[in-house]
1. Would you check if there is a residue in the range 74-96 being in contact with a Lys or Arg (Cβ under 6 Å, 6 or more places away or on another chain), at pLDDT 90 or above, surrounded by 10 or more Cβ atoms within 10 Å (Cβ to Cβ) and in a helix (DSSP H, G or I)?
2. Can you tell me which condition Ile66 does not meet? The list is (1) part of a loop (DSSP other than H, G, I, E, B); (2) out of contact with any strand residue (DSSP E or B) (no Cβ under 6 Å at 6 or more places or on another chain); (3) aliphatic (A, V, I, L, M), and all the others hold.
3. From the list Ala139, Ala163, Ala149, which one is modelled with pLDDT under 90, surrounded by 15 or more Cβ atoms within 10 Å (Cβ to Cβ) and of a type outside the set (Val, Ile, Thr)?
4. Of everything in the range 23-72, what is among the aliphatic types (A, V, I, L, M), within 30 Å of Phe111 (Cβ to Cβ) and at pLDDT 85 or above? Give them in sequence order.
5. Report those helices (runs of 4 or more DSSP H) wholly inside the range 113-224 carrying at least 3 residues which are closer than 15 Å to Ala91 by Cα.
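The values are calculated or read from the model by the stated rules, or taken from the named source; none is laboratory data. Computed from a predicted structure; not experimentally measured. Every residue, glycine among them, receives a Cβ derived from its backbone with ideal geometry; neighbour counts consider all protein chains shown.
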Amino acid sequence: KEVVARFEGHKKEQERLEEEKKMSELALAEKKAELDSQKREAAARIEAERKEQERLTALRGLVAGIPTDAPENGLGLSIIVARLGDRLDKAAAEYLSSALTRAAPEHFRVFPNMFAPGFVDNGHFARVFAGNAMFLKEAGIFSRVRFLALGTVGSDCKRDVTASSIQICVITFSFKILGEGGTVVASETISENGPGFSDNGAVQRGVDLLVERQSNKFYPAMGR
């Protein structure tokens, strides 16, 4: 009986030791799994931060036409065509950008080529014009300029019914001027008729007259 008892005690001790070994191995496996999970989460966070930094760098890279030492009273300007691919709308946008730059108040410096093409091509212009200010914040726009002006311009040209050699082009300009944080400080649609012996000349004259007669509607929040 004593031998049997010792055998049974030894057997139980072996079973206990085996159970402790299994529990220890299980604890180590759980700890390893936890550490592996933490490593994966840390790697995922690092990768997400890297991608986010790349995205922000790409966004800020779209602000192409403003020096880092831009004056406090800087105005960024982006004017696009109302009809993609229309040559007269394109001409109107180019003329208008130049004319508004010349007509700016003396104490302002205008940056008419503020953005790289991706600002429009990637949909940022449309989103900002519609009221989404996220791009402006992420790209740090208002750390570079005081105001941002966005607009679309279109032209509608016809022969003058009283003089067939004259073209009349109606220039229509819809714009928004945004201040700090994306606040809209001015928003309007203005138009003007321009006569000319060619459609291109009529577009240019229409732009000149629009700026000459109605720039006070474009610059009201900026001291003009």
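1. yes
2. All conditions are met except number (2).
3. Of Ala139, Ala163, Ala149, the one residue that is modelled with pLDDT under 90, surrounded by 15 or more Cβ atoms within 10 Å (Cβ to Cβ) and of a type outside the set (Val, Ile, Thr) is Ala139.
4. Leu56, Ala58, Leu59, Leu62, Val63
5. Because the criterion is at least 3 residues that are closer than 15 Å to Ala91 by Cα, the helices (runs of 4 or more DSSP H) in the range 113-224 that meet it are 199-218.
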